[in-house]
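To start, the structure under review is shown below, and the notes come after it.
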Amino acid sequence: MAQTYVKFEVSEEIQNKALEALEIAKDTGKIKKGSNEATKAIERSIATLVLIGADVEPQEIVMHLAPLCDEKKIPYVFINKQNDIGASSGLDVGSTAAAIVKPGKAKDLVDEIVKQVNELRA
């Protein structure tokens, strides 16, 4: 990952858990797809976890998300391929970002991911 906006890398395991949580939240809770919707969810402080694509071009589309999440104290994770975010969100195309607003049945999984990400960044 050579993108300048990627502040930290997470393991494949954490990425897969985040994508799984996104999929479960899509079915049992509420998610926001895309950079614009994710930005709104973060600004309104309703996002519980934000997934950001690490391969987005041009990077200006998502480079504001991590600092905004830091400001609002909302956990986020970088996903290597934006196509994975799109697929987990139920889209046929890639998605630059996604926000889990209501985790639904994925609550325990989201909590576990947040804990792991916080430990990684500490």
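A few points about this structure:
- Qualifying residue in segment 50-60 (condition: outside any loop (DSSP other than H, G, I, E, B), of a type in the set (D, E) and closer than 22 Å to E119 by Cα): no
Conditions (1) under 19 Å from Q3 (Cα atoms); (2) more than 14 Å from the chain's Cα centre (by Cα); (3) aliphatic (A, V, I, L, M); (4) modelled with pLDDT under 95, marked per residue:
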residue: T28; (1), (2), (3), (4): no, yes, no, no
residue: G34; (1), (2), (3), (4): yes, no, no, no
residue: E37; (1), (2), (3), (4): no, no, no, no
residue: I46; (1), (2), (3), (4): no, no, yes, no
residue: G53; (1), (2), (3), (4): yes, no, no, no
residue: K72; (1), (2), (3), (4): no, yes, no, no
residue: S89; (1), (2), (3), (4): no, no, no, no
residue: A97; (1), (2), (3), (4): yes, no, yes, no
residue: K102; (1), (2), (3), (4): no, no, no, no
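- Taking (1) farther than 19 Å from S11 by Cα; (2) touching a Leu at 6+ places or on another chain (Cβ under 9 Å); (3) charged (D, E, K, R) in turn, E57 satisfies each apart from (2).
- Subset of segment 1-49 that is outside any loop (DSSP other than H, G, I, E, B) and touching a His at 6+ places or on another chain (Cβ under 9 Å) - its residue that is surrounded by the most Cβ atoms within 10 Å (Cβ to Cβ): S35
- Of all residue pairs spaced 6 or more apart or on separate chains, those with beta-carbon atoms under 7 Å, a first member in segment 1-25 that is under 25 Å from E60 (Cα atoms) and a second member that is assigned to a loop (DSSP other than H, G, I, E, B) and of a type in the set (D, E) are M1/E9.
The values are calculated or read from the model by the stated rules, or taken from the named source; none is laboratory data. Fair warning: this is a prediction, and the values are worked out from it, not measured in the lab. Don't worry about glycine lacking a Cβ; one is built from the backbone with ideal geometry, like all the others, and counts go over all protein chains shown.
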